[in-house]
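**Student:** Next up is a structure, given as structure tokens.
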Amino acid sequence: MTTPVLTARQKRRLPWILAVGIFMQMLDATILNTALPVMAKDLQVSPLNMQMVVISYALTLALIMPLSGWLADRFGTRTIFLTSIVLFSAGSLFCALSSSLEELVFFRVVQGTGGAMMIPVGRLALMRSFDKSEWLDAMSFAVTPALIGPLIGPLLGGYLAQWASWHWIFLINLPIGALGLWFGMRYFPNFTKPGGRMDISGYALFTLSALLLTLGLDWAGQGGSGALFSLLIATGLLMLWGYVRHAEKRRDALFPLELLAVRTFRVGLAGNLFSRIGISSIPLLLPLLLQVAFGRTPEIAGWMLAPMALSGIAAKPLIVPLIHRFGYRRVLTVNTTLVGLCVMSLALPSADTPLLLFLPLLLVVGLVNSIQFSAMNTIALADLHESQTGSGNSLMSVNQQLAISFGLAAGASLLRFTHQQEWLTHGDTHLAFRCTFIALGAITLASTLIFKRLHHGDGDNLAQRI
């Protein structure tokens, strides 16, 4: 491995550079949702058909992430990090210049390709630049924007859509990207590790499976033919089976199957995938509900998402004491039930409900979501051997992005499907939202059964260390 000698200034600047990248990606991931109805009007499409603008980005993150480490090792962390910023910024510029939904979705894929490499490669460079004893402080500083982005993103998106133009939602990335590029060229180290092999066959099977399953979910909600839906889902599952067979024969598989032999990892992975389906749809569906069904402004929609982010931040100090007191199994089974009930409860408010009565529900949603994410992620990695943590953490990150993609696709598909059922909703858009929230909440409630497979003592050793 090529290990450059870092100056004291480089070590001081590196967490800042990674923080800029994280802030840019987290801002972009949350700023768009409140502006979708305004964008749909300008692009002359239905607001209920804008989901691919969000899904394409999340799915691209999931599909490109597995390549980031191999690319960084082969071409250098500095080279790939700077390339990721250029791709992200160029994608942002062309998103702003798009004149059709198809163009916008294509350039969201370009943007997502840059975003998928930016944070993993930045994190890799930081871990190689600091001693293990310094990791916690450096990483804690760098990830602070991950808490700030979801708070200001919806607000900024709402204000820009209402008072300026939706194009600024993407153009705002350009000065941030220029700042990251300038600092990266001056201070970002270029670690290389030649000789590593990439499981190209496994990668192709895995990504095709994820892509086809997501497209199948999205196609189902468009009222397309059942034959094509069945073909997409069946082919996606066949590709997944093909990956399993492939991984059984390769010791250097993209994601080794030995990870699934660890019960807590297996439960955490499955729980993450299914319980996030309902959770992941809320940032897309809630702004649409407020604007399309309730007639509220983008500005109001942005403000209504802020309480979820605030209570999510406030919940962080509660998580460790809860796990110490009740254990992972009880926390996850009870909290998953609460998450499912909260998703269902979003069907209760109407257009006449005062916003102040809406706020307590959103505060609780943010609180239980934060507990859910932290508990699921830590139990999944609790019993992995040190040699498994790298591939396990990588698979966990990809699984989370896939869960977001599936959740967005499922939420949008259920909304469109119920809206098209005259016998059920009679063209009532709000009733379609209500049916969608109830269905998504039921899926989340069902995922409680996954966490019941945990044992009472699971994660106790980890809980004592956190």
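**Student:** Work from the charge dipole of the chain (Cβ charges, +1 for Lys and Arg, -1 for Asp and Glu, about the Cα centre) and give the residue of A58, I319, V38 farthest towards its positive end.
**Tutor:** I319
**Student:** With charges set only on the Cβ (+1 for Lys and Arg, -1 for Asp and Glu), what does the dipole of the chain come to about its Cα centre, in debye to the nearest 20? Spell out each step's value before the answer.
**Tutor:** Values: 31 positive and 21 negative charges, 236 e Å.
Result for the chain is approximately 1140 debye, rounded to the nearest 20.
**Student:** While we're on this one: Accessible area per residue for the range 228-373 in Å², computed with a 1.4 Å probe and the full protein assembly in place, what is it? Don't skip to the answer; put the middle values down first.
**Tutor:** On the way: 6360 Å² over 146 residues.
Heavy-atom accessible area per residue stands at 44 Å².
**Student:** Net charge around R263, counting only other residues with Cβ within less than 9 Å of its Cβ (Lys, Arg = +1; Asp, Glu = -1)? All intermediate terms of the calculation are to be shown ahead of the outcome.
**Tutor:** On the way: positive: R266, R453; negative: D383, D458.
Taking every other residue near R263 into account, the sum is 0.
**Student:** While we're here: Can you bin every Cα-Cα distance in the range 37-84 into 5 Å intervals starting at zero and give me the percent of pairs per bin, rounded to whole numbers?
**Tutor:** 5, 18, 17, 14, 12, 9, 10, 10, 5
**Student:** Run the simple label-point estimate for L348 and I313 please: 7 Å along Cα→C-beta, distance reported in nm.
**Tutor:** For the pair L348/I313, the computed spacing is 2.7 nm.
**Student:** With bins 5 Å wide starting at 0, give me the P(r) of the range 1-121 over every alpha carbon pair, in whole percents.
**Tutor:** Calculated P(r), rounded to whole percents: 2, 11, 19, 22, 16, 11, 8, 5, 3, 2, 1.
**Student:** Go through S374, L362, T113 and say which Cα lies farthest out towards the positive end of the charge dipole of the chain; charges sit on Cβ, +1 for Lys and Arg, -1 for Asp and Glu.
**Tutor:** So the residue we want is S374.
**Student:** Tell me the carbon and sulfur percent of the accessible area for the range 136-205, rounded to whole percent, probe radius 1.4 Å. Could the numbers behind the result be given before it?
**Tutor:** On the way: 2530 of 3480 Å².
Of all accessible area on the range 136-205, carbon and sulfur atoms account for 73 percent.
**Student:** When Rg is the radius of gyration of the Cα atoms in the range 267-375 and Rh is its Kirkwood radius, what does Rg/Rh come to?
**Tutor:** Values: Rg = 14.6 Å, Rh = 14.6 Å.
Ratio value, two decimals: 1.00.
**Student:** Would you calculate, for the chain, the mean residue ellipticity at 222 nm contributed by helices, counting each DSSP H stretch of 4 or more residues as -39,500 (n - 2.57) and dividing by all residues, to the nearest 500? All intermediate terms of the calculation are to be shown ahead of the outcome.
**Tutor:** Values: 19 runs with 367 residues, N = 466.
Computed mean residue ellipticity for the chain: -27000 deg cm²/dmol.
**Student:** With +1 on each Lys and Arg Cβ and -1 on each Asp and Glu Cβ, how big is the dipole of the range 11-84 about its Cα centre, in debye rounded to the nearest 20? Let's see the in-between values first.
**Tutor:** Working: 6 positive and 3 negative charges, 87 e Å.
Roughly 420 debye for the range 11-84.
**Student:** Also, quick follow-up: Can you give the Rg and Dmax of the chain based on its C-alpha atoms, in angstrom?
**Tutor:** Computed over the Cα atoms of the chain, radius of gyration and Dmax are 21.6, 69 Å.
**Student:** Based on a Kirkwood Rh over C-alpha pairs, give the Stokes-Einstein translational diffusion coefficient of the range 183-283 at 4 °C and viscosity 1.567 mPa s in µm²/s. Before the final figure, lay out the partial values.
**Tutor:** On the way: Rh = 16.5 Å.
Estimated diffusion coefficient is 78 µm²/s.
**Student:** For a quick check of understanding: with a 1.4 angstrom probe and all protein chains in place, what accessible area in square angstrom does M304 have, to the nearest ten?
**Tutor:** 10
**Student:** Related question: Sum up the lysine pairs in the chain that clear both bars: alpha-carbon distance under 30 Å and a spacing of 8 or more or different chains.
**Tutor:** Working: K11/K132; K11/K193; K11/K316; K132/K193; K132/K316; K193/K249; K316/K452.
Step by step, the pairs that qualify in the chain add up to 7.
**Student:** Which three numbers, in whole Å and largest first, are the semi-axes of the equivalent ellipsoid of the range 152-196 derived from its Cα gyration tensor as √(5λ)?
**Tutor:** Working: eigenvalues 239, 30, 14 Å².
Over the Cα atoms of the range 152-196, the ellipsoid semi-axes are 35, 12, 8 Å.
**Student:** Answer with one residue from L254, M24, L87: the one whose Cα lies farthest towards the positive end of the charge dipole of the chain, charges on Cβ with Lys, Arg +1 and Asp, Glu -1.
**Tutor:** Farthest towards the positive pole: L254.
**Student:** On a C-alpha basis, how far is the centre of the range 42-109 from the centre of the range 434-459 in Å? Whole number, if you could?
**Tutor:** 31
**Student:** Provide the packing ranking of 294-301, 197-204, i.e. peptides ordered by the mean count of other C-beta atoms within 10 Å per residue, highest first. Walk me through the numbers before you get to the answer.
**Tutor:** On the way: 294-301: 19.2, 197-204: 15.5.
For the peptides 294-301, 197-204, the packing ranking is 294-301, 197-204.
**Student:** State the percentage of accessible surface on the range 366-417 attributable to carbon and sulfur atoms; use a 1.4 Å probe and exclude ligands, DNA and RNA. Write down the numbers at each step before the final one.
**Tutor:** On the way: 950 of 1570 Å².
Here carbon and sulfur together make up 60 percent of the probe-accessible area.
**Student:** Take the Cβ-Cβ distance between L357 and R325 as r, set R0 to 22 Å, and report the resulting FRET efficiency rounded to the nearest 0.05. Don't skip to the answer; put the middle values down first.
**Tutor:** Numbers: r = 31 Å, r/R0 = 1.43.
It comes to 0.10.
The values are calculated or read from the model by the stated rules, or taken from the named source; none is laboratory data. A quick note: this is a predicted structure, and the numbers were derived from the prediction, not measured. Glycine also receives a Cβ, built like all others from the backbone with ideal geometry; neighbour counts cover every protein chain displayed. Note: accessible area is taken over every heavy atom of the protein model, side chains too, but ligands, DNA and RNA are not part of it. Shrake-Rupley method; radii C 1.70, N 1.55, O 1.52, S 1.80 Å.
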